[in-house]
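Accompanying notes for the structure given below.
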Amino acid sequence: RVELVNRSSHPGKFITADAVRFGGGMGNIIRNDLESRRPRFMEGSRYHLQYIGMPDTLVQNINNNGNDYNNDINSRSEFINYLNGAPNGPNKNRNLPGLGIPIDITLAFHTDAGITQNDSTIGTMLIYSTTGADTQTVFPDSVSRIAARDLADIVQTQLLNDIKKTFNPEWTRRRLLDSRYSEAFRPNVPGVLLELLSHQNFTDMKFANDPRFRYMVSRAIYKGMLKFIASQNESEFVVQPLAVDHFQATLDTLGNIILKWQPVDDPVEAGAYAEKYKVYTRIEDNGFDNGFIVDEPEALIGDIIPGLIYSFKITALNAGGESFPSEILSVCKMDSASEQVLIVNGFDRICGPAIIDSDKMKGFADFIDQGVPDKFDLHYTGSQFNFDPDSPFRLNDAPGHGASYADYETKIIPGNTFDFSFIHGRAIKNDGFSFVSCSDEAIASGRVQLEDYEIVDWILGEEKETSWPIVSMDSLLGKQFKTFNYGLQEQIAEYLNNGGNLFVSGAYVGSDLLAGKKETDADVKFAKEVLKFWWVTDHAVKNGDVFSADKSFFKDQIEFSFNTGYDPQIYTVESPDAIGAQEGGRVILRYAENNFSAGIAYSGDYKTVIFGFPFEAIKLESQRNRVMKSILNFLTAGY
């Protein structure tokens, strides 16, 4: 719902809403007696501009319905001109008042074509035009169109600088091209076309499919545009800071919530550091509030209501703006509970799908690993089925190498929401326990001590050690997202050896530690000797049906399912692990599909419960509640 509230310090004023929109809706522009049958956000700009009422012959229908494709390309620039208005209005009538919204620049974000026969990238090219629609070399307001070349140069330089420093030192810098492309000559403000990379070239697409690369590129484009505008106005600039990390949300002895975090400096942009912070709060499953600002990387939240789940996210602020948000952590204080459960968010992973790269097969193997979108993904169309690099392009419906199914074109793919402590916390609260949460970085740095908590719930989701898009980057930057690095292994071992109780769930908890490792490897010893499990196989099942296999653990027989297919609310678990129990432990869950072991419990000097699939992916909340109740009963009382 949307609620309008008229509370104000100004008497006699009131608030109204002309319209409220929930989502973008489905396309409803008819062409050749058909609608697109696609969400409106997937349609071309020509249809969007017609829908929102832009003037037809000046903006969205320049070719008088002759060619929707050309109209789509032309309409974007004329829309900018209409927003701006005189003297920079649409080229057919530059004196049109338009909407009077000042527009500084326009950038068309493209991918290009082209294939290399080696492992190099096609690279990045910027296109501008030194002549306008009237073939003049100045904009209608008399600013030289050389400004468009300056914009192209600054954006390209920033992109290449950041890509080379953070991803690929060999990234190809292509030319700056002065050419009369529609999106270069039509805008009556400085405008460029960015050809970031080639959608045809396999090496380029290894990067394009990685959300880490996409974020870095987007930030570089923003910085380039910022620096251009600053240069045009002869002003100083500040780049917005990066998101904070080492986040923790705990309770003090008085029942106040204590939030702490750490700023992150940008290694490729001096001066992009945090000056203040904004703390956003969510109560239960409502929306976040508008936040409050603090000067230091910490905050105290008092007067909390017992039994309610409070969730928090943090942004960093400086003169340049506001960072992206941190992960979301949740806290709940129960009046009746004397002990607190610590939830550790160890699921940080975002990445592209698995890559196959051999002479005879090249492509993206989502059947091995779909990768993890950053919150969600819009560009996935379906599984690739043509992996033959020699398969030629014949036509759009038979594109050859790289061809994929189109069954996911209209679907939004959920990924890592960084909000799973809330899902775990609701199940813990349902059993009457208080809980707090923190990032695994807060544990690794010693900011939060495991020993302060009787029970620890460690979220691994789809965390696993992950390569970069090309192999050379692994040695340059090191792989990311290992489930338990050696420092964490030592801390967990010490915690358990002092009588701790640990619940771990994740799709790669076994394969990440044990697959391909020797018995003498520290990872193998940690899994077998500390966590008390061994690895059977990855891709253990195709479906996610599970049943209880130990009546002393689950007092009542239980059956449930976790998500292994498409679900709009939770990520796909395409490769759950089968794991076995070490001596002193027992199998407590099995996969219904093949009877492989899905979860184990160990009771000795300490207790562990390990699942080979993510707890948060269990489909029904009622099932999560029943499973968590049994886990907490075991960890507090044993068999």
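The values are calculated or read from the model by the stated rules, or taken from the named source; none is laboratory data. Because the structure is a prediction, the values reported are computed rather than measured. Don't worry about glycine lacking a Cβ; one is built from the backbone with ideal geometry, like all the others, and counts go over all protein chains shown. All accessible areas refer to the heavy atoms of the entire protein, side chains included, with ligands and DNA or RNA removed. Shrake-Rupley method; radii C 1.70, N 1.55, O 1.52, S 1.80 Å.
If you check S231 against the conditions, is it among the small types (G, A, S), in a helix (DSSP H, G or I) and under 30 Å from L196 (Cβ atoms)?
Here the answer is yes, as S231 does meet what is asked.
Which one is nearest to S326 (Cα to Cα) among residues in the range 233-263 that are open to solvent by 40 Å² or more (accessible area, probe 1.4 Å) and within 22 Å of the chain's Cα centre (by Cα)?
D245
Taking the range 24-67 only, how many residues are assigned to a loop (DSSP other than H, G, I, E, B), among the small types (G, A, S) and within 21 Å of A108 (Cα to Cα)?
Adding up the residues that qualify gives 1.
Which one of the conditions (1) over 30 Å from G382 (Cα atoms); (2) without any contact (Cβ under 8 Å) to a residue 12 or more places away in the chain; (3) outside any loop (DSSP other than H, G, I, E, B) does D474 fail to meet, given that it meets all the rest?
Among (1) over 30 Å from G382 (Cα atoms); (2) without any contact (Cβ under 8 Å) to a residue 12 or more places away in the chain; (3) outside any loop (DSSP other than H, G, I, E, B), D474 violates only (1).
Take the residues of the range 1-42 that are in contact (Cβ under 8 Å) with a residue 40 or more places away in the chain and of a type outside the set (K, R): which is surrounded by the most Cβ atoms within 10 Å (Cβ to Cβ)?
P39
Restricting attention to the range 314-335, which residues are of a type outside the set (A, V, I, L, M) and either farther than 23 Å from T253 by Cα or open to solvent by 50 Å² or more (accessible area, probe 1.4 Å) (or both)?
Residues satisfying the conditions are T315, N318, G320, G321, E322, S323, F324, P325, S326, E327, K333, D335.
Can you name the residue in the range 403-416 that is in contact with a Phe, Trp or Tyr (Cβ under 8 Å, 6 or more places away or on another chain) and either part of a strand (DSSP E or B) or open to solvent by 20 Å² or more (accessible area, probe 1.4 Å) (or both) and, of all such residues, is nearest to D348 (Cα to Cα)?
N416
Any residue in the range 61-74 that is closer than 23 Å to R21 by Cβ and more than 31 Å from the chain's Cα centre (by Cα)?
Scanning the range 61-74, I find no residue that is closer than 23 Å to R21 by Cβ and more than 31 Å from the chain's Cα centre (by Cα), so the answer is no.
Which of the residues spanning the range 281-314 are out of contact with any Leu (no Cβ under 9 Å at 6 or more places or on another chain), at pLDDT 95 or above and of a type in the set (G, A, S)?
Passing the criteria: G291, G307.
Identify all residues within the range 589-606 that are in contact with a strand residue (DSSP E or B) (Cβ under 7 Å, 6 or more places away or on another chain) and more than 22 Å from E463 (Cβ to Cβ); write none if there are none.
Selection gives R590, A592, E593, Y606.
Scanning for something under 30 Å from N386 (Cβ atoms), open to solvent by less than 10 Å² (accessible area, probe 1.4 Å) and assigned to a helix (DSSP H, G or I), does the range 177-196 turn up at least one residue?
Taking every residue of the range 177-196 in turn, none turns out to be under 30 Å from N386 (Cβ atoms), open to solvent by less than 10 Å² (accessible area, probe 1.4 Å) and assigned to a helix (DSSP H, G or I).
Looking at the range 343-370 only, could you name the residues that are in contact with a strand residue (DSSP E or B) (Cβ under 6 Å, 6 or more places away or on another chain), outside any loop (DSSP other than H, G, I, E, B), over 13 Å from F481 (Cβ atoms) and not small (G, A, S)?
Once the filter is applied, which keeps residues that are in contact with a strand residue (DSSP E or B) (Cβ under 6 Å, 6 or more places away or on another chain), outside any loop (DSSP other than H, G, I, E, B), over 13 Å from F481 (Cβ atoms) and not small (G, A, S), the range 343-370 yields I343, V344, I356, F364.
What about V536, is it closer than 25 Å to D369 by Cα, of a type outside the set (S, T, N, Q) and in contact with a Ser or Thr (Cβ under 9 Å, 6 or more places away or on another chain)?
Yes; evaluated as a whole, the condition is true for this residue.
Kindly check whether there is at least one residue in the range 178-192 that is touching an Asp or Glu at 6+ places or on another chain (Cβ under 7 Å) and more than 30 Å from G100 (Cα to Cα).
No, the range 178-192 contains no residue that is touching an Asp or Glu at 6+ places or on another chain (Cβ under 7 Å) and more than 30 Å from G100 (Cα to Cα).
Go through the range 157-207 residue by residue and tally those that are under 21 Å from T116 (Cα atoms) and of a type outside the set (A, V, I, L, M).
Within the range 157-207, residues that are under 21 Å from T116 (Cα atoms) and of a type outside the set (A, V, I, L, M) number 20.
Contact list please: Cβ distance under 9 Å, first residue in the range 352-364 and at pLDDT 95 or above and open to solvent by 30 Å² or more (accessible area, probe 1.4 Å), second residue hydroxyl-bearing (S, T, Y) and not in a loop (DSSP other than H, G, I, E, B), pairs at least six apart or on different chains.
F364/S404
Could you identify the single residue in S511, S561, S505 that is at pLDDT 95 or above, surrounded by fewer than 20 Cβ atoms within 10 Å (Cβ to Cβ), of a type outside the set (K, R) and within 30 Å of L378 (Cα to Cα)?
S561
Being within 29 Å of P169 (Cβ to Cβ) and not in a helix (DSSP H, G or I) is the filter here, so list the residues in the range 484-515 that pass it.
Correct list: N485 only.
Scan the range 435-452 and report the pairs whose first residue is assigned to a loop (DSSP other than H, G, I, E, B) and whose second residue is among the β-branched types (V, I, T), with Cβ atoms within less than 8 Å and a gap of 6+ or a chain change.
V448/T250
Only one residue in G400, G382 is assigned to a loop (DSSP other than H, G, I, E, B) and in contact with a strand residue (DSSP E or B) (Cβ under 7 Å, 6 or more places away or on another chain), so which one is that?
When all the criteria are applied, what remains is G382.
Can you name the condition, by its number, that F481 falls short on among (1) in contact with a strand residue (DSSP E or B) (Cβ under 6 Å, 6 or more places away or on another chain); (2) under 20 Å from A522 (Cα atoms); (3) open to solvent by less than 20 Å² (accessible area, probe 1.4 Å); (4) not charged (D, E, K, R)?
F481 satisfies every listed condition except (3).
(1) in a loop (DSSP other than H, G, I, E, B); (2) of a type in the set (D, E); (3) open to solvent by less than 90 Å² (accessible area, probe 1.4 Å): which one isn't true of E78, the others all being true?
(1)
Please state which one of D119, D153 is of a type in the set (D, E, K, R), within 30 Å of I470 (Cα to Cα) and either at pLDDT 95 or above or crowded, with 18+ Cβ neighbours inside 10 Å (or both).
Criteria check complete, one pass: D153.
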